[in-house]
Amino acid sequence: MSLLAEIRQTVIDGQAKQVVPKVEQALAEGVAPDTILHEGLISAMQEVGRLFEEGEYFVPEMLIAARAMKAALAILQPLLVDQGVEPLGRIVIGTVKGDLHDIGKSLVAMMLEGAGFEIVDLGVDVAPERFIDAVRNGANVVAMSALLTTTMPNMKTTIEAIEAAGLRGQAIILVGGAPVTQAYAKEIGADGYAADASSAVRIARQLTGK
Ligand code: B12
């Protein structure tokens, strides 16, 4: 099995302790951090989702796999994020109310930070009022993540609350997460959608004119 395949399998098996030396070894062998991220880690989480759908995995297995993914991400983070750039704008990011998935959101936050945006990360299960407070405090982009079809409507609720607070004109709204689509983003009145972290950076730059 190739080292990348081993990394992927270790995440699927949820072996956080074993994944760390494997990622370090891959880096030492010159494998690009981005390749480890996509072919090792993200691909593993897709497989975990498939196993869950098929009833082979349950919540505890998903959780353990997520822990292994995070351990690996912690090693990659400094390599994926370049430093020392002047902030391009202030982005408030969070996973919407009712939703506890944070890996994709954190990855997007990390890449946006690397591209030079200042990030206010509100974490998971974020109520509309908290996004609104951040806009009041100077955030000019609101980035929302949702991984559940049942929590996606909370993106719409948040946009409506921002509108009701009279702040819609002050913030560019970006949405994403596995079940979210360009069409859904349009339907709820978001300004932008991206399917992954690198396109999130491209869209954020484009919409902020940076
Ligand atoms: C890990 C995981 C969990 C972990 C989360 C741990 C954590 N700390 O995040 C735990 C175990 C807690 C969990 C719980 C649940 N989960 Co879950 N989970 C997953 C799993 C396997 C992986 C998600 C992940 O991390 N992917 C990797 C990241 C990198 O990808 P991503 O999140 O999609 O993010 C990328 C893009 O979407 C995008 N993006 C993400 N956010 C944003 C934001 C913006 C602004 C932009 C521009 C882009 C963007 O960029 C990211 C990077 O490329 C998915 C399966 C899947 N394939 O998605 C199921 C999945 C999302 N879970 C699911 C379910 C059902 C649940 C539970 C309801 C299970 C239960 N019965 O309790 C609970 C809900 C808990 C809650 N209230 O939130 C279903 C959702 C089904 C649906 N249609 O709604 C899925 C799809 C599994 C499945 N195939 O059935 N889960």
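When the residues of segment 186-200 are narrowed to those that are part of a helix (DSSP H, G or I) and within 9 Å of the ligand (Cβ to nearest atom), which ends up nearest to Leu41 (Cα to Cα)? Per the stated criteria, the residue is Ala197. When residues in segment 186-202 are screened for being modelled with pLDDT under 95 and either basic (Lys, Arg) or touching a helix residue (DSSP H, G or I) at 6+ places or on another chain (Cβ under 9 Å) (or both), 6 of them pass. Cβ separations smaller than 9 Å between residues 6+ apart or across chains give the following pairs from segment 137-150 residues that are without any contact (Cβ under 8 Å) to a residue 60 or more places away in the chain to residues that are among the basic types (Lys, Arg): Asn137/Arg90; Gly138/Arg90; Ala139/Arg90; Met144/Lys105; Ser145/Lys105; Leu147/Lys105. The single condition among (1) under 25 Å from Pro21 (Cα atoms); (2) touching a residue at least 60 places away in the same chain (Cβ under 8 Å); (3) within 14 Å of the chain's Cα centre (by Cα) that Ile103 does not meet is (2). Can you confirm whether Gly49 is open to solvent by less than 70 Å² (accessible area, probe 1.4 Å) and at pLDDT below 95? Judged against the criteria, Gly49 is a match. Summed over segment 131-167, the residues that are open to solvent by 50 Å² or more (accessible area, probe 1.4 Å) and away from the ligand (no atom under 12 Å from the Cβ) give a count of 10. Residues that are away from the ligand (no atom under 15 Å from the Cβ) and surrounded by 12 or more Cβ atoms within 10 Å (Cβ to Cβ) were ranked within segment 22-42; the one that is farthest from the chain's Cα centre (by Cα) is Gln25.
Say whether the condition of being in contact with a Leu (Cβ under 7 Å, 6 or more places away or on another chain) and more than 11 Å from the ligand (Cβ to nearest atom) is met by at least one residue in segment 50-69.
no
Every listed requirement among (1) more than 30 Å from Ala204 (Cβ to Cβ); (2) not in a helix (DSSP H, G or I) is met by Lys22 save one, (2). Regarding Asp125, is this residue within 12 Å of the chain's Cα centre (by Cα), open to solvent by 40 Å² or more (accessible area, probe 1.4 Å) and within 14 Å of the ligand (Cβ to nearest atom)? Taking the combined requirement at face value, the residue does not satisfy it.
The combined condition, being more than 17 Å from Gln9 (Cβ to Cβ), modelled with pLDDT under 90 and open to solvent by less than 80 Å² (accessible area, probe 1.4 Å), is fulfilled by Gln77. Considering Gly104, Gly55, Gly30, which residue is under 26 Å from Val135 (Cα atoms) and not aliphatic (A, V, I, L, M)? Testing whether each residue is under 26 Å from Val135 (Cα atoms) and not aliphatic (A, V, I, L, M) leaves just Gly104.
Filtered by the rule that a residue be surrounded by 13 or more Cβ atoms within 10 Å (Cβ to Cβ), more than 11 Å from the ligand (Cβ to nearest atom) and small (Gly, Ala, Ser), segment 168-185 gives a lone residue, Ala171. As for segment 93-101, it holds no residue that is open to solvent by 10 Å² or more (accessible area, probe 1.4 Å), within 12 Å of the ligand (Cβ to nearest atom) and part of a helix (DSSP H, G or I).
The values are calculated or read from the model by the stated rules, or taken from the named source; none is laboratory data. Quick caveat: nothing in here was measured; it's all calculated off a predicted structure. Here Cβ is always computed from backbone atoms with ideal geometry, including for glycine, and neighbour counts include all displayed protein chains. Keep in mind that these areas ignore ligands, DNA and RNA; they rest on the heavy atoms of the full protein, side chains included. Shrake-Rupley method; radii C 1.70, N 1.55, O 1.52, S 1.80 Å.
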